[in-house]
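The values are calculated or read from the model by the stated rules, or taken from the named source; none is laboratory data. Because the structure is a prediction, the values reported are computed rather than measured. For neighbour counting, all protein chains shown are included, and Cβ atoms are generated from backbone atoms with ideal geometry for every residue, glycine included. Heads up: the accessible areas ignore ligands, DNA and RNA and are worked out on the full protein's heavy atoms, side chains in. Shrake-Rupley method; radii C 1.70, N 1.55, O 1.52, S 1.80 Å.
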Amino acid sequence: MLARMTSEPEQQIGVGTQDAFQRLWTPHRMAYIQGENKPSGPGADDGCPFCTIPEKSDEDGLVIARGERVYAVLNLYPYNGGHLMVVPFRHVADYTELDEAETAELAEFTKRAMTALRTASGAHGFNIGMNQGTVAGAGIAAHLHQHVVPRWGGDTNFMPVIGHTKVLPQLLADTRAMLADAWPA
């Protein structure tokens, strides 16, 4: 079998333009691109996924932990394995709309998320932030959410650099269970 392998592209009928693996197929991303699970409007009743997730079981909603005012949930379209978000239960769009108790719990859950990710996966660092408004890159601008993205030394390998694709080594359900187990009290 290896004897037939060459560095030259091989014509394969029906698979599109010959490109020597310069393209990777990620059909699951079409749901994101086509706006699946995105709200139809700015209100809480306009299909906001961050308002419906708390109604599901932790496993079905990929919820890692719940507080009084916020919850931690895995991102369905992660930048890295373990990419999670801290989300207020209350449907607010802007950080300035949070009350003091919500702001404090959001900060505390961010700290707990970092601790859980270090415990569960040995994360070396983090990208933490929120995109406020569609023009700032918020995929769901109507409901505030803070991203916590774990990083490791050397995690920028050829896949994201050349292939523009992240490789996630674990199913989201398994990642959720691992982080829920590591979540500090």
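With a Förster radius of 22 Å applied to the C-beta separation of Tyr77 and Ala104, the computed FRET efficiency comes to 0.20. Can you pull the percent of Cα pairs in region 60-109 with separation above 15 Å? Of the Cα pairs, 45 percent sit more than 15 Å apart. Placing dummy labels 7 Å off each Cα toward the beta-carbon, the span from Lys38 to Asn131 is 1.0 nm.
Each Lys or Arg adds one and each Asp or Glu subtracts one; over the other residues with Cβ under 10 Å from the Cβ of Asp58, this totals +1. Electrostatic tally near Gln146: other residues with Cβ closer than 15 Å to its Cβ, Lys and Arg +1, Asp and Glu -1, net -1. Count charges around Arg69 for me, please; just the other residues with Cβ under 12 Å from its Cβ, Lys/Arg as +1, Asp/Glu as -1. Taking every other residue near Arg69 into account, the sum is -4. Going by accessible surface with a 1.4 Å probe and the largest first, Glu55, Glu102 read Glu55, Glu102.
Remark: accessible surface ordering of Leu172, Leu98 (largest first) is Leu172, Leu98, probe radius 1.4 Å.
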